[in-house]
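To keep things clear, I will list the structure first and then write my remarks on it.
Throughout, read-outs are computed from the coordinates displayed, never taken from laboratory work. None of the values given here were measured: they were computed from a predicted structure. Here the Cβ positions follow ideal geometry from the backbone for every residue, glycine too, while neighbour counts run over all protein chains shown.
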Amino acid sequence: MATTRFRRIVLKLSGEALSGKNGFGIEPSVIKSIAAQIKEVAELGVEVAVVVGGGNIWRGKVGSEMGMDRATADYMGMLATVMNSLALQDSLENMGIPTRVQTSIEMRQVAEPYIRRRAIRHLEKKRVVIFAGGTGNPYFSTDTTAALRAAEIEADVILMAKNNVDGVYSDDPKVNKEAVKYDQLSYLDLLNEGLGVMDSTASSLCMDNDIPLIVFSITEDGNIKKAVLGENIGTIVRRHPK
């Protein structure tokens, strides 16, 4: 068995990553591909927790821009993350990977409530744990959820899988062809340069708890495994770059 660099990871998936080229909803072939990559990593013995966004179904920010109450719009976004999490759980379990969904907003008919010690116990038993419902509070993104849960379960790293970029760039590479890709950065660089990889709350939380972040593309099969094995892909962000 290959030697892995990390014992316990938090994989952050955007909702858009599940929609494929459609840009909305859940594309079955895409979610199966992602589930297969997670299975590949889980079978290496790595403890895998996942945080999924909900932007393929609903964005709280868009709702508030339409004049909706911000808290209501954000709660709708949290429910969208539950739908995505259940879809991912189904794909993983169809592949024989035991999976639990834990929600920060209680809905016992479909998922467990988030309980830190129970989540850690699931991970120790080599079950994939999917954290749904964001932090359970409006005004916080799923990036912040990933940082918070990573700190709570003492994860070794956050793997931020992107579907439209393969790392962190100095500017949007689709707009600016001169944009430079970074191999490594500090969290202060993210905050000071406003690089937009994750929101400032999440970046600060990762920096304060010394949690490294690897930003990479999910569209290439095997990239999650490469990141776990320590191969040089994407961009790594640390408190203090080496």
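Some points to look at:
- Selection of first residues in segment 160-173 that are more than 21 Å from Thr142 (Cβ to Cβ) and of second residues that are part of a loop (DSSP other than H, G, I, E, B) and not basic (Lys, Arg), restricted to Cβ pairs under 6 Å at least 6 apart or on distinct chains, gives the following pairs, ordered by first then second residue: Tyr169/Ala179; Ser170/Ala179; Ser170/Val180; Asp171/Ala179; Pro173/Ala179.
- Residues that are closer than 20 Å to Arg121 by Cβ and aliphatic (A, V, I, L, M) were ranked within segment 45-68; the one that is farthest from the chain's Cα centre (by Cα) is Val46.
The rows are residues; the columns are (1) crowded, with 18+ Cβ neighbours inside 10 Å; (2) in contact with a helix residue (DSSP H, G or I) (Cβ under 6 Å, 6 or more places away or on another chain); (3) more than 19 Å from Thr142 (Cα to Cα); (4) not aliphatic (A, V, I, L, M).
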| position | (1), (2), (3), (4) |
| --- | --- |
| Ser19 | yes, no, no, yes |
| Ile31 | yes, yes, no, no |
| Ala35 | yes, yes, yes, no |
| Val52 | yes, yes, no, no |
| Ile57 | yes, yes, no, no |
| Gly67 | no, no, yes, yes |
| Ala80 | yes, no, no, no |
| Met83 | yes, no, no, no |
| Asp90 | no, no, yes, yes |
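- Tallying residues that are in a strand (DSSP E or B) and under 15 Å from Val165 (Cα atoms) within segment 226-242 yields 2.
- Qualifying residue in segment 143-152 (condition: buried (at least 23 other Cβ atoms within 10 Å of the Cβ) and β-branched (Val, Ile, Thr)): yes
- Segment 182-213, subset in contact with a Ser or Thr (Cβ under 7 Å, 6 or more places away or on another chain) and not aliphatic (A, V, I, L, M), residue surrounded by the most Cβ atoms within 10 Å (Cβ to Cβ): Tyr187
- Residue in segment 113-139 that is surrounded by the most Cβ atoms within 10 Å (Cβ to Cβ), counting only those that are in a helix (DSSP H, G or I) and aliphatic (A, V, I, L, M): Leu123
- Some residue of segment 212-230 being farther than 16 Å from Asp156 by Cβ, in contact with a helix residue (DSSP H, G or I) (Cβ under 6 Å, 6 or more places away or on another chain) and among the charged types (D, E, K, R): no
- Members of segment 95-108 that are over 20 Å from the mean Cα position of the chain (by Cα) and either more than 19 Å from Gly54 (Cβ to Cβ) or surrounded by 19 or more Cβ atoms within 10 Å (Cβ to Cβ) (or both): Met95, Gly96, Arg108
- Residue match in segment 140-147 (condition: of a type outside the set (Gly, Ala, Ser), closer than 25 Å to Lys21 by Cα, touching a helix residue (DSSP H, G or I) at 6+ places or on another chain (Cβ under 7 Å) and assigned to a helix (DSSP H, G or I)): yes
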